[in-house]
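The values are calculated or read from the model by the stated rules, or taken from the named source; none is laboratory data. Please read all numbers here as calculations on a predicted model, not as lab measurements. Because the Cβ atoms are built from the backbone with ideal geometry, glycine has one as well, and the counts that use them run over all protein chains shown. Only protein heavy atoms, including side chains, enter the accessible area calculation; ligands, DNA and RNA are left aside. Shrake-Rupley method; radii C 1.70, N 1.55, O 1.52, S 1.80 Å.
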Amino acid sequence: MSIRTDLLSLAATGIALAVAAGAAPASAQESVKIGLILPMTGGQASTGKQIDNAVKLYMQQKGDTVAGRKIEIILKDDGAVPDNTKRIAQELIVNDKVNFIAGFGVTPAALAAAPLATQGKIPQIVMAAGTSIITERSPYIVRTSFTLAQSSTIIGDWAAKNGIKKVATLTSDYAPGNDALNFFKQNFTAGGGEIVEEVKVPLANPDFAPFLQRMKDAKPDAMFVFVPAGQGGNFMKQFAERGLDKSGIKVIGPGDVMDDDLLNNMGDAALGAVTAHLYSAAHPSAMNKEFVAAYKKAFNSRPGFMAVGGYDGIHLIYEALKKTGGKTDGDALIAAMKGMKWESPRGPISIDPETRDIVQNIYIRKVEKVDGELYNVEFATFEAVKDSGKTKK
Ligand code: PHB
């Protein structure tokens, strides 16, 4: 054999190998990429941390391969700044060729990414943000978090039926705060309640003190509070410093202000607060007990509602991929997600096939001490609550 034939056959073998590699099914080759866009720094960082933790926990428990394809998470910090979210989503879609974008710690971030999900036909899984309008902004959005309408309507009814006549409101001055305020007001006033004072506080670094003084002077029976996850600890600190805990003014609201992640450090000022919400770390199901124990073991902290939105969001992605047999066509994935039902640490949940929004139980809870720790103890359940805040068509 000449040197020349040897070289030729070597070259042929090389090409054959290259062809074999290229011809292998894409599913065995490429990972499914999920761009996880979260606030890992700044005022909303606790949301990012909880969701990142929960996604990691889920993947540790279930493995990182679905329908024969490896799952790759690309975590990016947007600091909850919507311009960053948009730029990052664009880079993830164009450069990294992600198959999903997920996360979205605040409403403006979720809205900023929506047109990109539509253009790219890429599922956008909203794991945190809670303004009703979000799912209407793209047919590729599916939400595993909650809406403020779900909880605020229910606490509005509860307050009116439970001897609360005068309420002062304190809400974060941006879209979900306005949803919380409007839906609470609608149900509370329809039940005969009166709003005696209304204040809106800035989203970034709020100083609650001047507003709290106004609240105290208005002498309401209760104070309706919405601040986003991460701010409840600071709010309750200032509430106690101003002596509002001794003034007989009850704290009510959607459960964001009593996030389990922070609750235990709020001190006794939080005792007796009644909120309506999707999740309590004290939810008494077997699944939740396991979830809380596994989360505590892995991260040495208590999971809050944001962690649950992340845990269910990654579950939704896994199950949709199982249904499509590992195919990542955006329309097929969205079709697979519509109507999906499963048990979450929060209780039974599903994806409304009409709106792609979450349907879930809303629980009314009261802060109590259990074995020396503060918990939101559930005492009433409203089953399978849909979002009532969509634009009327
Ligand atoms: C939101 O920006 O939509 C948002 C963030 C945190 C919450 C609730 C809503 O706790």
Check: Residues of the range 58-87 being in contact with a Lys or Arg (Cβ under 9 Å, 6 or more places away or on another chain) and of a type in the set (Asp, Glu), which ones?
Finding: Asp64, Glu72, Asp78
Next item on the list: Please state which of the following conditions Asn99 fails to meet, knowing it meets all the rest: (1) within 16 Å of the ligand (Cβ to nearest atom); (2) buried (at least 24 other Cβ atoms within 10 Å of the Cβ); (3) touching a residue at least 40 places away in the same chain (Cβ under 8 Å).
Entry: (1)
Check: Quick one: in the range 229-250, which of the residues that are open to solvent by 10 Å² or more (accessible area, probe 1.4 Å) and within 16 Å of the ligand (Cβ to nearest atom) is nearest to Val308 (Cα to Cα)?
Finding: Gly230
Margin query: For the condition open to solvent by 10 Å² or more (accessible area, probe 1.4 Å) and either within 13 Å of the ligand (Cβ to nearest atom) or in contact (Cβ under 8 Å) with a residue 12 or more places away in the chain (or both), what is the one hit in Ala159, Ala180, Ala112?
Written below: Ala112
Next item on the list: Determine whether the range 201-215 contains at least one residue that is within 14 Å of the ligand (Cβ to nearest atom) and either farther than 25 Å from Asn265 by Cα or among the polar types (S, T, N, Q) (or both).
Entry: no
Check: Among the numbered criteria (1) closer than 30 Å to Leu374 by Cα; (2) within 16 Å of the chain's Cα centre (by Cα), which single criterion is violated by Thr275?
Finding: (2)
Check: So which of Ala286, Ala294, Ala298, Ala269 ends up being free of Cβ contacts under 8 Å to residues at least 40 places away in the same chain, under 27 Å from Ile71 (Cβ atoms) and surrounded by fewer than 24 Cβ atoms within 10 Å (Cβ to Cβ)?
Finding: Ala286
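Okay, residues lined up against (1) closer than 17 Å to Val98 by Cα; (2) open to solvent by 60 Å² or more (accessible area, probe 1.4 Å); (3) modelled with pLDDT of 95 or more; (4) touching a Leu at 6+ places or on another chain (Cβ under 9 Å):
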{"position": "Ile15", "(1), (2), (3), (4)": "no, yes, no, no"}
{"position": "Val19", "(1), (2), (3), (4)": "no, yes, no, no"}
{"position": "Gly22", "(1), (2), (3), (4)": "no, yes, no, no"}
{"position": "Pro25", "(1), (2), (3), (4)": "no, yes, no, no"}
{"position": "Pro39", "(1), (2), (3), (4)": "no, no, yes, no"}
{"position": "Ile51", "(1), (2), (3), (4)": "no, no, yes, yes"}
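Residue-wise test of (1) aromatic (Phe, Trp, Tyr); (2) more than 26 Å from Asp261 (Cβ to Cβ); (3) modelled with pLDDT of 95 or more.
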residue: Met340; (1), (2), (3): no, yes, yes
residue: Ser344; (1), (2), (3): no, no, yes
residue: Gly347; (1), (2), (3): no, no, yes
residue: Asn361; (1), (2), (3): no, no, yes
residue: Lys366; (1), (2), (3): no, no, yes
residue: Tyr375; (1), (2), (3): yes, no, yes
Item checked: Contacts under 6 angstrom Cβ, first residue in the range 352-378 being on the phi > 0 side of the Ramachandran plot, partner assigned to a strand (DSSP E or B), 6 or more apart -> Arg356/Val142
Item checked: Residue check, Val55 surrounded by 17 or more Cβ atoms within 10 Å (Cβ to Cβ), at pLDDT 95 or above and over 25 Å from Lys323 (Cβ atoms) -> no
Item checked: Tally, over the range 210-228, of residues that are open to solvent by 20 Å² or more (accessible area, probe 1.4 Å) and over 28 Å from the mean Cα position of the chain (by Cα) -> 8
Next item on the list: Just need a number here: residues in the range 235-272 that are over 24 Å from Tyr295 (Cα atoms), in a helix (DSSP H, G or I) and either in contact with a Phe, Trp or Tyr (Cβ under 8 Å, 6 or more places away or on another chain) or among the polar types (S, T, N, Q) (or both).
Entry: 5
Item checked: Odd one out for Gly79 among (1) assigned to a loop (DSSP other than H, G, I, E, B); (2) away from the ligand (no atom under 14 Å from the Cβ); (3) open to solvent by 10 Å² or more (accessible area, probe 1.4 Å) -> (2)
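Residues checked against (1) open to solvent by 10 Å² or more (accessible area, probe 1.4 Å); (2) more than 10 Å from the ligand (Cβ to nearest atom):
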{"position": "Ala117", "(1), (2)": "no, yes"}
{"position": "Met127", "(1), (2)": "no, yes"}
{"position": "Thr147", "(1), (2)": "no, no"}
{"position": "Lys165", "(1), (2)": "yes, yes"}
{"position": "Leu170", "(1), (2)": "no, yes"}
Check: Inside the range 301-313, can you point out the residues that are crowded, with 24+ Cβ neighbours inside 10 Å, small (Gly, Ala, Ser) and under 21 Å from Gly232 (Cα atoms)?
Finding: Gly304, Ala307, Gly309, Gly310
